[in-house]
Amino acid sequence: MPLTLDPILTLPPPLETGLSPKAANALAFVFAASYVGSLYIAPLLPWAGRPFKETTTTVEEASSRVPVGHRDHPATMRMRMRAVSAATRLSLVGVFWTVKTVGDYDVRGALVPTLNLLGLRSSGLHMPLAYLLAPTLFLGPLFASWLDGTLPGQAKFGSFRWGLAERRNYLVGPVTEELLFRSCIIAVSILGSMSASWLVFGTPLWFGLAHAHHALQTYRDGGRTRDALWRAGLGCLFQMSYTTLFGWFASYLYIRTGSVLPPVVSHVFCNIMGIYGPGTASRRHPSHKLAISVAYLAGVAGFIWGLTKF
């Protein structure tokens, strides 16, 4: 697959001097740390207040089955969504200020090159395959879901409820993560004259490391025991692995299309689908084992073929 950048990501002459790689990595670290740090700093701020009080004031919070302070408690979800949204906005401003400073632009002159580097001036529709790769990879899980009867329009689909968890998982999470870990970090990495290979395979390491903090919640939920620590470590390793793999894919979409929209759409789709392994599907539908295997293999083959044509 070609590791070349879309022309919209090419640096204009005023920005060709760019940043040093060390400065670019320092900014990437600040962006990533601000995102994760906001989750832990926000509860300490006066405006956060209520999420960690032992009282609840809404029906949704009162009916929650998780304790106050847990990441899935309604008050905590609201607080964290505000926090990461604020961190993302500050990082976007940081990229704008960096472009303005490096290119010696005025405020208006820095706007267009900033939007270009952030992937916000292109929809990526000139490469429609970018939007089809993730669904292709999930051909097996989609087929298994069809056998379950849980796809939209099927009997077991039920009614879709748009609540706080859905807003976090399918909107705020994917959008803020892609804007920060893709747009902002790749933008400063391009300014740092880093190679296309690093943009695809190196920058997602920030994304993977940023998910390591989930191990702390697992450890707490498990009673802070040695067994809980072991489970937290394994869970952390697994999550870092698949988030880094997804980061490789999303970064590739980004540099090839010059747009953050294909990574966002793919991220939302993957979050909706979750992880549905072929073993689980075969156990649920033993009479369709062969068809399930073919669907999963076809999805992987189609995804690889699509990458070579993309």
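Taking residues in segment 16-38 that are touching a residue at least 12 places away in the same chain (Cβ under 8 Å), and partners anywhere that are aromatic (F, W, Y) and assigned to a helix (DSSP H, G or I), the pairs with Cβ atoms closer than 6 Å and at least 6 places apart or on different chains are A28/W206; A32/W206. Scan segment 183-223 for residues that are in a helix (DSSP H, G or I), modelled with pLDDT of 70 or more and either out of contact with any Lys or Arg (no Cβ under 9 Å at 6 or more places or on another chain) or over 17 Å from T243 (Cα atoms) (or both) and the total you get is 20.
Residue-by-condition table, conditions (1) part of a helix (DSSP H, G or I); (2) within 24 Å of the chain's Cα centre (by Cα):
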residue	(1), (2)
S266	yes, yes
Y276	no, yes
S293	yes, no
G306	yes, yes
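For segment 71-120, a residue qualifies if it is assigned to a helix (DSSP H, G or I) and basic (K, R), and the qualifying residues are R78, R80, R82, R89, K100, R108.
L297 fulfils the conditions (1) on the phi < 0 side of the Ramachandran plot; (2) out of contact with any helix residue (DSSP H, G or I) (no Cβ under 7 Å at 6 or more places or on another chain); (3) at pLDDT below 95 except for a single criterion, (3).
Is there a residue being loosely packed, with under 14 Cβ neighbours inside 10 Å, modelled with pLDDT of 95 or more and over 25 Å from the mean Cα position of the chain (by Cα) anywhere in segment 55-74? So far as segment 55-74 goes, no, none of its residues is loosely packed, with under 14 Cβ neighbours inside 10 Å, modelled with pLDDT of 95 or more and over 25 Å from the mean Cα position of the chain (by Cα).
The residue that is surrounded by the most Cβ atoms within 10 Å (Cβ to Cβ), among those in segment 16-54 that are within 30 Å of L125 (Cβ to Cβ) and at pLDDT below 95, is Y35.
The values are calculated or read from the model by the stated rules, or taken from the named source; none is laboratory data. What you see is a predicted model; the values in this text were computed from it and never measured. Positions of Cβ are generated from backbone atoms using ideal geometry, with glycine treated the same way; all protein chains shown enter the neighbour counts.
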